[in-house]
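Asks: Input: one structure, supplied below.
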Amino acid sequence: MELNLYPTLPRKKDFRIGILGSGFIVNECHLVAYRKAGFNPVAIASRNRDHAVKTALLHEIPQVHENYEALLNDRTIEVLDIAVPPNALLGLIKRACERLTVKGILAQKPLGVNFGEAIEAVAACEKAGITLAVNQNMRYDHSVRAAKTLLQNGTIGDPVIATIDMRAIPHWQPWQAELGWLTLRIMSIHHLDTFRYWFGEPQRIYCSTRPDPRTDFSHTDGICAYILDYESGVRCIAIDDTWTGPAREGCASDLGIKWRIEGLNGLAIGTIGWCHEPFTTPSTIQYASKGQHGFQAPVWPESWFPDAFIGTMAELLCALENGTQPSISGLDNLETIALVEAAYFSAKWHKAVSPRQILVDYQHAAQMERMREEILKELDPNRGSN
C-alpha cells in the first residue's frame, strides 16, 4: 500500500534561503535536511556571529552576515528561515515585511509568545504579500503521514479514539526560563497540531497540568494531560510527561513517544523516533484491518529529526512555485495556537474550553481597544500625534 510517507518536493530547488538563527535546531535539523533535499541555503546570521560562522563552516553556507539586520537587507534572499526564540520571532517577521524583499518565510513554532502575536505575524505577512509557513514539522514525521493516509483511504474506518503518549525529557532552552512556560507551547503544540492534521478542528479541549519536578524555574505546564472532543464523536487524549520518573537521577528509564488510532474498521499504532538515541532512529507504524490475521509493519530509514524538516521547507517552496498557500500556512496555524491557548485557559479554569472562543474573545478585546482609543482621541485630539 502506498502510504504517502514523503512530501512533494519543488521543481525549483535553488530558491535562495537565508537562515536567521544558529542553534541546535538549525544545526542538527534544518540544514541537515536541506542538504539532503538539495535546497539552497546561501546566507546565515545569528545573535552571536561566532556561532553563525561555525554553522556556516559546518554546512558550507557561503555568506555570514554581521547580524540579523544585514541579512534582512540582503535583497538577493528569496526565502527566510527564521529559527529564533518565540519572543524574538514577531519582530523579525515585521522587519522582513517592512523591507518587502523576500517571497516567503518559514517561521519556527510557536508563532510568537501568545495568540495576539501570532495574529500580528499573519497580518503583517498578508499585508506585505509574503507567504508565511510555520514549522509544524511533526506533520511530516513518516509515521504521522502514514496514519493520515490510513484515515483517508478507509483502512482504519471512522476513527473512534486516538492517543499520543509522550514520556520524554526535552532539551529546554534558556529563554524558556524568561518566558515562564514549558511543555504546552513547545511539545504539546506538536501533538495538538497532529490531532488537527489527522481529524480537523475539535469543539473543545480539557487540559490539566502540573509543574515538572526536574525543572528549576517557575512554570505551570511541565506535565500536561488533555482531551479533545470532536463533533464526530472521536476523542483524542494525550499525556505529555516530561518527568518520566527519576530517569536522570539514577532510575531505569522508559522514554518514548507512542501514538494509537482505533477505528471502526482497524487499528494503527506507531512510535516517534525522536526520543531514542541516536536521533536518526526511525519512527514506526503497524496497522491492521478487520479480516487480517496480523499487522502490516512497513519500515523506512528516515526519522522525524532531521528528515521531517525537508517537508516543512518543501511545503513553502512548492507554494511559492505554484502560487498557492501552504497547508502549514500562518493562517492555518492560528487554529493550532488557539488550541494551545485554550489548553492554558482550561488548566487555569478547570473546565473545557473551545478554541473558537479564543478567537472570538481576541476579536472582541481588539474591538474594545479600538473603541477605547477612539474615545480617548475625541477627548484629546492631539493623542498619537508627534
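The values are calculated or read from the model by the stated rules, or taken from the named source; none is laboratory data. All figures in this text were calculated on a predicted structure; none of them were measured in a lab. Because the Cβ atoms are built from the backbone with ideal geometry, glycine has one as well, and the counts that use them run over all protein chains shown. Accessible surface areas use protein heavy atoms only, side chains included; no ligands, DNA or RNA. Shrake-Rupley method; radii C 1.70, N 1.55, O 1.52, S 1.80 Å.
Asks: How much length is gained on full extension from Asp14 to Thr324, taking 0.36 nm per residue of separation minus their Cα-Cα distance? The partial results should precede the final answer.
Replies: Details: separation 310, 0.36 × 310 = 111.60 nm, distance 1.86 nm.
Once the chain is fully extended between Asp14 and Thr324, it gains 109.7 nm.
Asks: Considering the Cα trace of the chain, what is its radius of gyration and what is Dmax, both in angstroms?
Replies: Just the Cα atoms of the chain yield Rg and Dmax of 21.5, 78 Å.
Asks: Ok, one more. Over the stretch 144-287, what is the mean sequence separation of C-alpha contacts under 8 Å (at least six apart), divided by residue count, expressed as relative contact order in percent?
Replies: Relative contact order, the stretch 144-287: 31 percent.
Asks: Any idea what % of Cα-Cα pairs in the stretch 109-234 are farther than 23 Å?
Replies: Value for the stretch 109-234 (Cα pairs over 23 Å): 44 percent.
Asks: Is it possible to state the helix-based mean residue ellipticity at 222 nm for the chain, with each DSSP H run of 4+ residues giving -39500 (n - 2.57), the sum divided by total residues, to the nearest 500 deg cm²/dmol? What is it?
Replies: My calculation for the chain gives -11500 deg cm²/dmol from helical runs alone.
Asks: Multiply the residue gap between Leu264 and Ala123 by 0.36 nm, knock off their C-alpha separation, and tell me the result in nm, one decimal place.
Replies: 46.6 nm
Asks: Mind giving me the nanometre distance, one decimal, between the label points for Glu98 and Glu178, set 7 Å out from Cα along Cα→Cβ?
Replies: Simple spin-label model gives 1.9 nm for this pair.
Asks: Also: Please check the chain for the longest run free of GluC sites (Glu not before Pro) that are loop-located per DSSP (anything but H, G, I, E, B) and have at most 11 other Cβ atoms within 10 Å.
Replies: Within the chain, the longest run free of exposed GluC sites (Glu not before Pro) spans 67-230.
Asks: Next up: Within 10 Å of each candidate Cβ there may be at most 13 other Cβ atoms; applying that plus a DSSP loop requirement, which trypsin sites (Lys or Arg not before Pro) in the stretch 321-356 survive?
Replies: Lys351
Asks: Where does the stretch 183-319 land on Rg(C-alpha)/(2.2 N^0.38 Å)?
Replies: In units of the 2.2 N^0.38 Å rule of thumb, it is 1.20.
Asks: Taking θ as phi - 60°, what are the ³J(HN,Hα) couplings along the stretch 201-215 by the Karplus curve (6.51, -1.76, 1.60), each to the nearest whole Hz, with x for Gly and Pro?
Replies: Along the stretch 201-215, the couplings run 8, x, 6, 7, 10, 10, 10, 10, 9, 8, x, 7, x, 7, 7 Hz.
Asks: Let me ask you something else. Defining a contact as two alpha carbons under 8 Å apart and six or more residues distant in sequence, what relative contact order in percent does the stretch 247-316 show?
Replies: Numbers: 107 pairs, mean separation 16.1, N = 70.
Relative contact order here is 23 percent.
Asks: If you don't mind, another one. If you bin the C-alpha pair distances of the stretch 18-65 every 10 Å from 0, what whole percents do you get?
Replies: 32, 62, 6
Asks: Also, I was wondering about something else. Between Asn67 and Lys36, what is the spin-label point distance in nm, taking each point 7 Å from the Cα along the Cα→C-beta axis?
Replies: That separation, rounded to one decimal, is 3.6 nm.
Asks: Tally the DSSP beta bridges in the chain and give the antiparallel ones as a percent, rounded to 5.
Replies: DSSP beta bridges in the chain are roughly 60 percent antiparallel.
Asks: Hey, rough spin-label estimate for His171 and Ala252, points 7 angstrom out along Cα→Cβ, what's it come to in nanometres?
Replies: My value for the distance between the label points is 2.8 nm.
Asks: Projected area of the stretch 1-110, taken from the Cα convex hull and averaged over every viewing direction, in nm²?
Replies: With every direction weighted equally, the projected area is 7.6 nm².
Asks: In addition: In Å², and per residue, what accessible area does the stretch 137-283 have when probed at 1.4 Å with the other protein chains present? If you can, show how the numbers build up before the last one.
Replies: Details: 5860 Å² over 147 residues.
Accessible surface, normalised per residue, equals 40 Å².
Asks: With a 10 Å radius around each residue's Cβ, average the other Cβ atoms per peptide and rank 241-248, 90-97, highest first.
Replies: 90-97, 241-248
Asks: Same structure, new question: Explain nothing, just the number: relative contact order of the stretch 58-210, from Cα pairs under 8 Å at least 6 residues apart, as a whole percent. Display every interim value, and only then the final one.
Replies: On the way: 133 pairs, mean separation 27.7, N = 153.
The value is 18 percent.
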